[in-house]
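Asker: Right, I'll just put the structure down here and ask away after.
Just so it is clear, none of the values below were taken in a lab; they were calculated from the coordinates. All values reported here derive from a predicted model rather than from experimental measurement. For neighbour counting, all protein chains shown are included, and Cβ atoms are generated from backbone atoms with ideal geometry for every residue, glycine included.
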Amino acid sequence: MGRTGQPIYLVTFFMFRQDRKVFRPLLPLLSTLAQPFFTGNIKLTRRFRALTLITLGSLMLQGCQSLPSASLFGKRAHPDTPALETWNRLESGQKLASARHHDDTSGLSSLLHSSTVADWRHWQDPVLPEYDLWDRLRANFAMDISSNDPRVLAEMAWYRRHPGYMDRVAQRASRYMFHVIEEIERRGLPGELALLPIVESAYDPFAYSHGRASGMWQFIPGTARHFGLENNWWYDGRRDILASTDAALTYLTQLNRRFDDWHLALASYNAGGGNVNRALRHNRNAGGNGTFWELNTLPAETRAYVPKMVALARLIADPEANGINLTSIPNRPYFVAVDTNGQIDLALAAELADISMNELYLLNPGFSQWATSPEGPHRLLVPVESAELLAANLADLPPRQRMSWQRYRVQQGDSLLTVSRRFNTTPSMIRDANQLRGDIIRAGHELLIPIPSQDARSYALSEDQRLQRRQNVARNGQRVEHVVRSGDSFWLLARRHGVSVRELASWNNMAPGDPLMPGQRLVIWSRADNARTVASANNRSVIRRVNYTVRNGDNLASIASRFRVSVSDIARWNNINPNRYLQPGQNLTLHVDVTRN
């Protein structure tokens with residue numbers, strides 16, 4: 001935002017925010033009039049600035065007199081949720097790949113959690129203004145996007161040369177951007193933040209980077225845990241549209257309070273607050289002004305990150321002048337949340353809502369398996385037009401019929417782990433379904449097992465099916481299937497097969513930092529001359545789970561030596577500190593290759 005236009009635009013923006021309900025129909029016109037002030041594209045004479053300001057003020061006064069006082073959105077079913085507490089600042093940053101890597105050819109959140117159909121229908125009835133979401137987004141722009149830094153100009157040129165990219169992004173964003181903008185407006189944040197998922201993931205909720213960042217907002221595991229995003233076998237909150245958006249905007253708000261500068265806040269979202277602080281100290285010690293554009297010691301990825309955001313905002317602020325044709329996105333909610341009051345098979349839920357499985361997964365990408373998580377969240381996002389049908393059908397469906405069940409007679413040698421793997425579920429799920437107090441099961445005992453209601457391929461966007469499709473893509477080299485053994489690492493396997501660590505991880509929908517587990521199957525497109533021999537030698541392994549009780553005199557090193565595993569593996573499998581002493585009677589879980597023992 002140029003210094004000349006900034007005061008006028010901020011006054012206009014502040015007046016908009018005082019009663020957005022009244023001024024929304026005027027936003028497209030006002031946005032056009034205010035355009036030159038915040039794009040920094042033209043020089044304004046004092047007379048023209050005064051004339052424009054008078055015009056804007058006159059339009060606002062007329063709007064106040066002529067529009068009804070009731071909200072254009074109707075009376076809200078619920079009051080806005082209070083602002084969340086500010087969490088402690090994070091020093092560890094997000095190590096993210098460019099979103100282009102992911103591009104393969106009154107707050108809404110409180111309303112979406114309504115448990116009755118009447119609530120969301122009451123809110124849906126009013127007619128929204130006709131302008132699309134891009135117009136609404138422009139009206140909320142508040143950052144300085146006037147920089148002509150060469151990095152910004154280069155990014156703008158890239159977007160102009162690749163119009164198909166923005167078309168694909170707009171198509172994906174059409175499901176989610178209304179909710180993102182609603183949350184941004186509710187918190188009083190700059191509209192440009194709705195563009196951050198374009199930079200991060202190209203608005204792909206299944207995006208996963210080599211830095212272990214996941215979801216539309218690309219949270220790494222540590223940051224996700226800090227902001228309360230759950231991650232288990234059933235569910236990954238980093239991919240949950242509602243939960244991740246809430247966490248991302250809370251994090252960004254916190255970073256802006258810390259640095260009092262949105263460019264620095266965005267840089268911190270990418271590189272971490274500690275890295276930005278060090279770059280600021282270095283810059284100021286050298287006599288700099290401490291602006292983002294002077295921070296040359298930031299990581300290369302971060303130095304390109306903020307310019308991408310600014311370039312996008314510049315293009316969207318004035319698409320015609322920049323030769324960009326934006327695909328229209330309607331200014332209306334795409335989805336509504338319907339309470340499920342417990343776990344439900346996703347194939348059944350799609351049938352009850354009369355939508356496709358893919359549509360259900362795209363709106364609920366946080367669910368990794370064939371059903372929602374037994375621990376919650378117990379809600380599903382569905383298209384607005386499908387919500388009433390799903391809610392009515394759920395009301396008529398007994399809880400026991402929301403999952404499919406199979407009786408299984410325990411065989412000699414079975415354990416909860418082996419049975420759960422056989423039926424694609426978890427030990428805790430079987431334990432809860434059968435009211436077991438521990439992990440011991442006896443041969444001949446009958447278990448009730450939750451199972452998918454349809455063939456695995458029907459759950460096309462589940463974690464397993466996405467992995468299978470990824471592994472089946474043909475690459476250069478000879479396909480080798482490798483069963484992970486104790487002591488294996490990405491580095492060792494990559495070196496053995498003449499490939500890079502990043503390639504090997506990517507072929508298996510993983511990041512180089514993800515842990516390998518014994519028994520896990522990897523697909524490797526080997527470039528080694530003896531690929532077939534290497535594969536044969538390394539796949540003659542049989543992994544078994546062993547429960548070991550610690551005895552007097554045992555330590556991690558002696559146990560690791562006895563079972564031919566590593567100390568670090570034992571520590572990871574049992575979530576224990578390798579530097580602490582073991583206690584006699586303590587139970588350890590080991591994954592042992594019986595062909596080596």
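Asker: Based on the mean of other Cβ atoms within 10 Å per residue, sort peptides 260-272, 575-587 so the most packed one is first.
Answerer: On the way: 260-272: 23.2, 575-587: 10.7.
Taking the mean over residues of other Cβ atoms within 10 Å, the ranking is 260-272, 575-587.
Asker: Where nothing but the Cβ of Lys and Arg (+1) and of Asp and Glu (-1) is charged, how large is the charge dipole of the stretch 132-317 around its Cα centre, in debye to the nearest 20?
Answerer: Around 400 debye, computed over the stretch 132-317.
Asker: Could you please report the charge total around LEU447, scoring K, R as +1 and D, E as -1 over all other residues with beta-carbon less than 10 angstrom from its beta-carbon?
Answerer: Here the charged neighbours net out to +1.
Asker: Another one. Hey, got the dipole for the stretch 401-458? About the Cα centre, +1 on K and R Cβ, -1 on D and E Cβ, debye to the nearest 20? Mind showing how you got there, number by number?
Answerer: Details: 9 positive and 5 negative charges, 7 e Å.
Roughly 40 debye for the stretch 401-458.
Asker: Can you give the local net charge around VAL523? Use residues other than it whose beta-carbon is closer than 12 angstrom to its beta-carbon, Lys and Arg +1, Asp and Glu -1. Numbers along the way, then the final one.
Answerer: On the way: positive: ARG469, ARG470, ARG475, ARG479, ARG521; negative: GLU481, GLU503.
Value of the local net charge: +3.
Asker: Now for a separate question. Quick check: residue separation of ALA433 and VAL546 times 0.36 nm, minus the Cα distance between them. What number comes out in nm? Can you show the working numbers first?
Answerer: On the way: separation 113, 0.36 × 113 = 40.68 nm, distance 2.45 nm.
Value of the extension gain: 38.2 nm.
Asker: I'd like the trypsin sites (Lys or Arg not before Pro) in the stretch 371-453 restricted to DSSP loop residues with at most 16 other Cβ atoms within 10 Å, sorted by number.
Answerer: Details: sites: ARG379, ARG400, ARG402, ARG407, ARG409, ARG421, ARG422, ARG431, ARG437, ARG442; in loops: ARG437, ARG442.
Loop-located and lightly packed - ARG437, ARG442.
Asker: Could you order the peptides 153-162, 234-243 from most to least packed, using the average number of other C-beta atoms within 10 Å per residue? Can you show the working numbers first?
Answerer: Details: 153-162: 15.0, 234-243: 24.4.
My ranking of the peptides, most packed first, is 234-243, 153-162.
Asker: In what sequence, highest mean first, do 215-223, 244-252, 299-307 appear when ranked by Cβ atoms within 10 angstrom? Each step should come with its number before you reach the end.
Answerer: Working: 215-223: 24.7, 244-252: 22.8, 299-307: 18.9.
Ranked by mean Cβ neighbours within 10 Å, highest first: 215-223, 244-252, 299-307.
Asker: Next question. Using only alpha-carbon positions, what ratio does the radius of gyration of the stretch 335-399 give when scaled by 2.2 N^0.38 Å? Provide the component values of the computation, followed by the final result.
Answerer: Values: Rg = 10.3 Å, N = 65, 2.2 N^0.38 = 10.7 Å.
Expressed relative to 2.2 N^0.38 Å, the Cα Rg reads 0.96.
Asker: Here is a follow-up. For an R0 of 25 angstrom, estimate the FRET efficiency from the Cβ-Cβ distance between ASN289 and ARG257 and round to the nearest 0.05.
Answerer: Numbers: r = 21 Å, r/R0 = 0.83.
Rounded to the nearest 0.05, the efficiency is 0.75.
Asker: Percent relative contact order of the stretch 132-317, based on C-alpha pairs within less than 8 angstrom and at least six residues apart? It would help to have the intermediate numbers written out before the result.
Answerer: On the way: 205 pairs, mean separation 43.2, N = 186.
Relative contact order here is 23 percent.
Asker: How do ILE430, ILE198 line up, fewest other C-beta atoms within 10 Å first?
Answerer: Working: ILE430 22, ILE198 25.
Listing ILE430, ILE198 from fewest to most nearby Cβ atoms yields ILE430, ILE198.
Asker: Got a sec? Which residues in the stretch 182-219 would a label at VAL473 touch, if it sits 7 Å along Cα→Cβ and we count backbone N under 12 Å?
Answerer: Flagged as within label range: 208.
Asker: Given ALA460, GLY487, GLN471, which one lies farthest toward the positive end of the charge dipole of the stretch 452-491, if we put +1 on the Cβ of every Lys and Arg and -1 on the Cβ of every Asp and Glu?
Answerer: Sorting the options by dipole projection puts first GLN471.
Asker: While we're on this one: Quickly work out the GLU385-to-SER328 label distance, labels modelled 7 Å from Cα along the C-beta direction, and quote it in nm with one decimal.
Answerer: Result: 1.6 nm between the two label points.
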